[in-house]
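**Student:** Let me give you the structure first, and then I'll get to my questions.
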Amino acid sequence: MIRTVSTKPYSDQKPGTSGLRKKVPVFQQEHYAENFIQSIFDALDGFKGKTLVIGGDGRFYNREVIQKAIAMAAANGFGKVMVGQGGILSTPAASHVIRKYKTFGGIILSASHNPGGPHEDFGIKYNAGNGGPAPEKLTDAIFAKTKTISSFKIADIDPIDIDTVATVKAAGMTVEIIDPVTDYAELMESLFDFDALRKLFKSGFRMRFDAMHAVTGPYAKEILEHRLGAPNGTCRNFKPLPDFGGHHPDPNLVHAKHLYDEMMGPDAPDFGAASDGDGDRNLIIGKGIFVTPSDSVAMLAANARLAPGYKDGLKGIARSMPTSGAADRVAHKLGVGIYETPTGWKFFGNLLDAGMATICGEESAGTGSNHVREKDGLWAVLLWLNVLAARGESCKQIVTEHWETYGRNYYSRHDYEEVESGRANALVDELRAKLGSLPGTSVRGLKIANADDFAYHDPVDGSTSEHQGIRVLFEGGSRVVFRLSGTGTSGATLRVYIERYEPDKSRHDLDTQEALADLISAADDIAGIKSHTGRNKPSVIT
Ligand code: G16
């Protein structure tokens, strides 16, 4: 039986950088998840009888919302849902399933790298038929629906057994529970030289992959240990847990410090990597060297031809605006287009669909290609492995040679988390107000060449996205960028991105924070970070 249930709108369901993310107790309010899911459906057209993919990163509350989404899809007229077994689908795997089976779209339940558990974070996002995150036009339409919703539709069905791969019927709709790993593993096998990787591991190459008790565990086990023959134990923390073992599944130098320490230690393996809550981010650490995400996208782009899936070269490279300019230098050398988009993977979708870009990347530990429409943590790890195998060099050699060829972009991001929203907004407003007066002035001996509020003009659909981050550009190419995160769930997170280009090889061994010290001080002078936030140091440095 289909029921129409009366409901009242919530005022706080505006999707952020990547879907709606809130604390679990917020999602557990009466009809909160139902309202958002119905608003997604209400903002879409033409899905009657079509297929919807449903999966998530396995965090606390995942299983409950999967059942709601199935029952609501049936009531709203979908013909079929494909659900990852156990409610599991990594974000890139969901993107692939949507594309491979040409489904109408998908609902992904994830708050990505944010912590999980009864008092932590949950999230819902919609991905369209191209496999990519809903574009702004659609997220705006969903938000508009959440403000006026008065009822939702749900089918009265018994809970579906989502733990068994099977196909069943529910309220006239087909429910197919699929193995979440197989399709994705096959896709990886089609892109990379698995024979060369098997030989690499056979030769004694040692790797550590930390799945952080999040969704990539089963994918990494299958691909690295089972298909590629990496020794048992290569994958750590590979069992997905609803609270990620009480940790923060964010693969950065703070939350994966244990991996960093191991990779810098005397008996370090050859290569270390980690992925996040929903499997779209990656952390790359070679023996004795950390590779910044901005460098990683540049280095992968420069070497992509070594992998079978990219042997014909790249059509173009895209990076988010705050990501360092390292990839730009590679694009120029390759003679391909470089595109600078706002933060948010959704902005790459049009470029990938139009065949203008092949590899995309972000400073926030996301790298990916046109194989799906999401960033892809394991893909980045496998491409690195493929490059290491093909070049027969260490990660450190590859990184230092890259800097010798292209110069080094010293880069760091300073985050001030959980700042009171009013204070964070005041900082940004003040900064915006003085943008016009900055060019020509000097701070800490650094001359400001330009300052603006980044606006993106999508070259494919002509849309414009404004206020995407404040850039202060110095003479000589250094810059600082300020923006507020769109993924946090409490207060505001101020992100300050700092970058300096260093062409001189003899200066490629500096400590990053030291190399950026004058810019870091200049950023505080310009924006009054300490006075506005009341903090004297960032909470996270990446
Ligand atoms: C999401 C988006 C990314 C973005 C990142 C950080 O990643 O998909 O495109 O770079 O958030 O965004 P912000 O700086 O607004 O917090 P994820 O891995 O959280 O889905």
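The values are calculated or read from the model by the stated rules, or taken from the named source; none is laboratory data. Predicted, not measured: the structure shown is a model, and the values here were computed from it. Using ideal geometry, Cβ is built from the backbone for each residue, glycine included, and neighbour counts are taken over all protein chains shown. For accessibility, only protein heavy atoms count, side chains too; no ligands or nucleic acids. Shrake-Rupley method; radii C 1.70, N 1.55, O 1.52, S 1.80 Å.
**Student:** Mind ordering 172-178, 287-293, 49-55 by average Cβ neighbours within 10 Å, highest first?
**Tutor:** The packing order, highest mean first, is 49-55, 287-293, 172-178.
**Student:** Residue farthest toward the positive end of the dipole of the range 52-197, with Cβ of Lys/Arg at +1 and Asp/Glu at -1: which of 90, 166, 61?
**Tutor:** Highest projection toward the positive end goes to 61.
**Student:** I would also like to ask the following. Pop out the carbon and sulfur fraction of the accessible area of the range 94-171 as a percent, whole number, probe 1.4 Å.
**Tutor:** The C+S portion of the solvent-accessible surface of the range 94-171 is 56 percent.
**Student:** Give the peptides 346-354, 490-498 in descending order of average Cβ contacts within 10 Å, highest first.
**Tutor:** Top to bottom by mean Cβ count within 10 Å: 346-354, 490-498.
**Student:** Also, quick follow-up: Below 8 Å between Cα atoms, with a sequence gap of 6+, how large is the relative contact order for the chain in percent?
**Tutor:** 13
**Student:** How large is the dipole of the chain about the Cα centre if only Lys and Arg carry +1 and Asp and Glu carry -1, each at its Cβ, rounded to the nearest 20 debye?
**Tutor:** Here the size comes out at about 520 debye.
**Student:** Using all alpha carbons of the range 2-180, what is the percent of pairwise distances in each 10 Å bin, ordered from the shortest bin to the longest?
**Tutor:** 11, 43, 40, 7
**Student:** Using alpha carbon centroids, what distance separates the range 373-443 and the range 266-339, in Å?
**Tutor:** What the calculation gives is 12 Å, centre to centre.
**Student:** Okay, moving on. Take peptides 446-455, 385-394 and line them up by average Cβ neighbours within 10 Å, highest first, as a rough protection proxy.
**Tutor:** 385-394, 446-455
**Student:** About its Cα centre, what dipole magnitude does the range 408-541 give when the only charges are +1 on Lys and Arg Cβ and -1 on Asp and Glu Cβ, stated in debye to the nearest 20?
**Tutor:** Numbers: 17 positive and 21 negative charges, 56 e Å.
The dipole of the range 408-541 has a size of about 260 debye.
**Student:** As a test, work out the antiparallel percent of DSSP beta bridges whose residues both lie in the range 2-180, rounded to the nearest 5.
**Tutor:** Working: 19 of 34 bridges.
In the range 2-180, approximately 55 percent of DSSP beta bridges are antiparallel ones.
**Student:** How long are the semi-axes of the equivalent ellipsoid of the chain, taking √(5λ) for every eigenvalue λ of the Cα gyration tensor, in whole Å from largest down?
**Tutor:** 36, 29, 21
**Student:** Within the set 221/315; 169/346; 257/537; 199/221, which residue pairs have Cα atoms separated by over 23 Å?
**Tutor:** Details: 221/315 32 Å; 169/346 33 Å; 257/537 19 Å; 199/221 18 Å.
Check vs 23 Å cut-off fails for 221/315; 169/346.
**Student:** Put a dot 7 Å past each Cα toward the Cβ at residue 30 and residue 475; how far apart are the dots in nm?
**Tutor:** 6.5
**Student:** Right, next: Need one number: % antiparallel among DSSP beta bridges in the range 184-406, to the nearest 5.
**Tutor:** The antiparallel proportion sits near 50 percent.
**Student:** What distance in nm separates the two pseudo spin-label positions at residue 513 and residue 531, each 7 Å out from Cα along the beta-carbon direction?
**Tutor:** According to this spin-label approximation, the distance is 2.5 nm.
**Student:** Then there's this: Using label points projected 7 Å from each Cα along Cα→Cβ, tell me how many nm separate residue 186 and residue 164, to one decimal.
**Tutor:** If labels sit at residue 186 and residue 164, their model points lie 2.4 nm apart.
**Student:** Quick check of the Kirkwood formula: for the range 408-541, what is the inverse mean of 1/r over all pairs of different Cα atoms, in Å?
**Tutor:** So the Kirkwood estimate lands at 15.6 Å.
**Student:** Lys/Arg Cβ at +1, Asp/Glu Cβ at -1, dipole of the range 291-337 taken about the Cα centre: which of 322, 310, 296 is farthest positive-ward?
**Tutor:** Of the listed residues, the answer is 310.
**Student:** Taking the Cα of residue 449, stepping 7 Å toward and past its beta carbon, and measuring to each backbone N in the range 457-487: which are under 17 Å?
**Tutor:** 471-481
**Student:** Using bins 5 angstrom wide from zero, how does P(r) for the range 217-367 break down, in % of all Cα pairs?
**Tutor:** Pair shares across the bins are 2, 9, 16, 18, 19, 16, 12, 7, 1, 0.
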